[in-house]
Every structure is written in C-alpha cells, then in structure tokens.
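Inspection log for the structure reproduced underneath, given as structure tokens.
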Amino acid sequence: QVQLVESGGGLVQPGGSLTLSCAASGFTFSTYSLSWYRQALGKGRELVGTITSTGSSTNFADSVKGRFTISRDHTKNTVYLQMNSLKPEDTAVYYCVVLGVPSTSLPYDYWGQGTQVTVSS
C-alpha cells in the first residue's frame, strides 16, 4: 500500500529555516513526480511546488519562490522541502503528494497525513 509520511515540522522563529521530509513506500519511487501542498487555517490547500521523477524540473508557488527548495533522494525514497527565511504566513499543515499517472500501476494521487509548521516569535 502506498504510504507517504511527512516529518520535520515544528515551531520556528521568523527568518529561520526548517527542512521537511517525506518518506515514501509502496510504489516505485523513482517513477513518479511528487508535490508539496500546504493548508493554513481558513484557507484551501495551496500547491507549494512539484519535483519530477528525474528531479530536473521543479516548480514553486510565487509566494515561496526563492525561499523554498524541493529535492529528492532516490537512495532513501525521500522527498525534502527546504524552507528558508520563514515568515508567519508560512504557518500551515504541509502535505506530501505522489502524483498518479493513468494507465500505470499508480493511477491516482496519494496524500500523506501532513506535518504542522508554525512560524512565530
């Protein structure tokens, strides 16, 4: 069964840095793209960025461009979200998502349980 387990969330001061991890299992990790989403209180889920199966293409939302970096380690089946220069508005639950591909063995998206990030002094 597909599993995505986020970790690394917590409390951080404005201007600080934090790295989130997403440990993946139950599918061929190297085959699929993965995304990070976040959801703040009172807001819908927002796409933060996406990394392709090759890691050669990464997209970021305008609000985090230049501050956040997505990477993946195929030897560890893990995706990372490096967050720098954190702002209070970055406070949210962060989710890891594997993007399914129709006609493959993983045709649907799967979401992790999320990890809370709180940016506050």
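FYI, it's all coordinate maths here, none of it is from the lab. Everything numeric in this text was worked out from a predicted model, so none of it was measured. For neighbour counting, all protein chains shown are included, and Cβ atoms are generated from backbone atoms with ideal geometry for every residue, glycine included.
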Ordered by number, the trypsin sites (Lys or Arg not before Pro) in region 2-52 that occupy a DSSP loop and have at most 16 other Cβ atoms within 10 Å are LYS43, ARG45
In Hz, Karplus ³J(HN,Hα) per residue of region 42-53 (6.51, -1.76, 1.60; θ = phi - 60°; x = Gly, Pro): x, 10, x, 6, 10, 6, 8, x, 9, 10, 7, 4
Return the long-range amide H neighbours of VAL48 (sequence gap of 5 or more, or a different chain), with a cut-off of under 5 Å between placed amide H atoms. TRP36, TYR37, ARG38
May I ask for the net charge around VAL79, where only other residues with Cβ less than 9 Å from the Cβ of VAL79 are counted and Lys, Arg are +1 while Asp, Glu are -1? 0
Dipole magnitude of region 8-86, debye to nearest 20 (Cβ charges: Lys/Arg +1, Asp/Glu -1, about Cα centre): 80 debye
Which whole-number percent is the relative contact order of region 1-117 (Cα, under 8 Å, 6+ apart)? 33 percent
Radius of gyration and maximum dimension Dmax of region 1-55, Cα, Å: 13.5, 38
Qualifying trypsin sites (Lys or Arg not before Pro) for region 47-121 [loop in DSSP, other Cβ within 10 Å: at most 14]: LYS65, LYS76
Within region 14-121, chymotrypsin sites (Phe, Trp or Tyr not before Pro) in DSSP loop having at most 12 other beta-carbon neighbours inside 10 Å: TYR108
When you take every Cα atom in region 1-119, what is the radius of gyration, and what is Dmax, the widest Cα pair distance, in Å? 13.7, 45
